[in-house]
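Bear in mind these aren't lab numbers, they're just calculated from the coordinates by the rules spelled out. Predicted, not measured: the structure shown is a model, and the values here were computed from it. Cβ placement follows ideal geometry from the backbone for every residue including glycine, while neighbour counts extend to all protein chains displayed.
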Amino acid sequence: MSLSHLNPSTELNPVPSRGIDLQYFRRYVRWLEDSGYDYTLLPYGSSSADSFVVASAVGQLTERLRPIVALRPNTAFPLVAAQQLATLDQLTEGRAVVHIISGGNDAEQARQGDYLPKDRRYDRTSEYIDLLRRAWTETEPFSHQGEFYRFDEFGPGFAPYGQSIPVSIGGQSEAAFQVGGAKADIFSFWGEPLSDLRAEIDRVNGIAAAAGRTDRPRIWVTFRPIIAQTDKLAWEKAHEYVARIERTYNAGVFHKRYQVATPQNVGSQRALDFAARSEVYDRALWTRTAAATGGAGASTALVGSPETVAAAILDYVDQGASLVSIRGYDTLADAIDYGRYILPLVRQELAHRAATGRRGTLQDEHPGALAPGFDLAAAAGAR
Ligand SMILES: Cc1cc2nc3c(=O)[nH]c(=O)nc-3n(C[C@H](O)[C@H](O)[C@H](O)COP(=O)(O)O)c2cc1C
């Protein structure tokens, strides 16, 4: 899984842009498709491109890749969003996924007229998800009078291509867990240390069980890998990158509108907290990039050779993640490199396990930062 970029601007190299660089976007999406990525997220913000329109384009540029539309409930009446998603699902023959964002920042929500406090936004999300699913499945007209929405005699609505459309939840606050655990098909995280993620997965599963679910949400976790031929070269590259990212953020040219001293969303608070506790966790998780960006968005890195990073991804699979998003700091070049050097290693190990019932040797042979004598200062290359 990855995230689709619309132009070459990155934290490493911000470039003034007219928005969508069509040639770049087409190449990027085709590479994802050809490299075997399964999903791509189309993010949403008040000043971003519209995620639905972009998702529709992704659908038409590819045959297999599944577009994940980031959707904030405040931006569309639920029955309208259900119709848009069902249309996308039909246009992609069943590939649509929706990622529901309740909103992590009051000022950003207010830019589009949403003045609900965060806990109430999650209450709205809960009602919204129920209405999406009813709109996709009810075969007779129905009326609704809820806390946030009311309508009469809707339906039957425009049906998706498949039976339903997977609903993912983004957010790490207690309210996010309650709604996601009870109702989401997929629950998503930014990169966390393994033991923290394990605890969070148990928390989601506990809520799902208490809600009477027989299934469990699939777990999605997102990283920003920094790879090079060897672990040593990757750590050198990582330190060079973070210096450039710091310069970009200090100059205030990137994501300025979303940068706040103390983020309101728990996901960013957690990222900053991990960064304050330690710079490196487990085999390859590195938090300096999260610290440099104020935990804005997915920012924790996995650093190492392709083998080490593939092994680190497998560590997360071992903990229960089934969707792993990797997006680089050098976006297109990294998408290509991951497709060439990381995805085959992960797939090979999973295929080996499926065929033999036994684990391969990749994780044992590439300990990364778990190697005895690993020295972060030395890895920084005296920079
Ligand atoms: C994988 C992932 C992707 C996200 N994508 C977006 C996005 O495209 N736009 C956005 O505003 N927030 C996005 N978020 C942020 C959260 O969904 C948002 O901050 C949350 O609704 C409220 O925060 P909290 O519950 O963590 O406090 C994403 C979060 C995750 C984990």
message: Between helix 78-91 and the chain, what is the angle of the helix's C-alpha long axis to the longest principal axis, kept within 0 to 90° and rounded to the nearest 10?
response: 60 degrees
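Take the alpha carbon gyration tensor of segment 300-352, find the square roots of its eigenvalues, order them as a ≥ b ≥ c, and report rounded if a/c is under 1.5; if not, report prolate when a/b exceeds b/c, else oblate.
Numbers: a/c = 1.83, a/b = 1.42, b/c = 1.29.
Prolate is the answer for segment 300-352, as a/c is 1.5 or above and a/b outweighs b/c.
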task: Can you tell me the relative contact order of the chain? Whole percent, Cα pairs under 8 Å, sequence separation 6 or more.
output: 16 percent
statement: Computed over segment 112-249, the relative contact order (Cα-Cα under 8 Å, seq sep at least six) in percent reads 16 percent
message: Let me check I have the definition right: for segment 123-164, take the eigenvalues of the Cα gyration tensor, multiply each by 5, take square roots. What are those semi-axes in whole Å, largest first?
response: 18, 14, 6
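Quick check on segment 178-322: what does the Kirkwood estimate of hydrodynamic radius come out to from the alpha carbon pairs, in Å? Each step should come with its number before you reach the end.
Working: mean 1/r = 0.0622 Å⁻¹.
Here the Kirkwood hydrodynamic radius works out to 16.1 Å.
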field: Per-residue [θ]222 nm for the chain (sum of -39500 (n - 2.57) over DSSP H runs n ≥ 4, rounded to 500)
entry: -13500 deg cm²/dmol
Compactness of segment 16-89 - radius of gyration and Dmax, Cα, Å: 12.9, 37
statement: Going residue by residue through segment 155-165, the Karplus relation 6.51 cos²θ - 1.76 cosθ + 1.60 with θ = phi - 60° gives ³J(HN,Hα) values, rounded to whole Hz and with x marking Gly or Pro, of x, x, x, 6, 7, x, 5, x, 5, 8, 10
query: Considering amide H positions built from the backbone, and no H for Pro or chain starts, which residues 5 or more places from T222, or on another chain, come under 5 Å of its amide H?
result: F189, W190, G191, S325
task: List, in order, the whole-Hz ³J(HN,Hα) value for each residue of segment 289-301 obtained from phi through the Karplus relation with A = 6.51, B = -1.76, C = 1.60 and θ = phi - 60°; use x for Gly and Pro.
output: 5, 5, 4, 5, 9, x, x, 6, x, 5, 9, 6, 9
message: What do you get for the angle between helix 174-183 and the principal long axis of the chain? Use alpha-carbon atoms, 0 to 90 degrees, nearest ten.
response: 60 degrees
Protection proxy ranking of 272-278, 262-268, 137-143 - average other beta-carbon atoms within 10 Å, highest first: 262-268, 272-278, 137-143
- line: Candidates A355, A135, A175; GNM for the chain (alpha-carbon contacts under 10 Å) flags as most fluctuating A355
Distance (nanometres) between label positions extended 7 Å along Cα→Cβ at T361 and A211: 4.4 nm
- prompt: Relative to the longest principal Cα axis of the chain, at what angle does helix 343-356 sit, 0 to 90 degrees, rounded to 10?
  reply: 80 degrees
- prompt: Can you work out the base-10 log of I(q)/I(0) for segment 72-217 at q = 0.10, 0.20, 0.21 1/Å, using the Debye formula on its C-alpha atoms alone?
  reply: -0.36, -1.30, -1.36
message: Can you compute log10 of I(q)/I(0) for the chain with the Debye formula, treating each Cα as one identical point scatterer, at q = 0.14 Å⁻¹?
response: -1.31
Rounded FRET efficiency, nearest 0.05, which uses the C-beta distance separating Y161 from S278 and R0 of 41 Å: 0.35
- prompt: In a Debye calculation with equal point scatterers on the alpha-carbon sites of segment 1-140 and no solvent, what is log10 I(q)/I(0) at q = 0.12, 0.14, 0.16 Å⁻¹?
  reply: -0.53, -0.71, -0.90
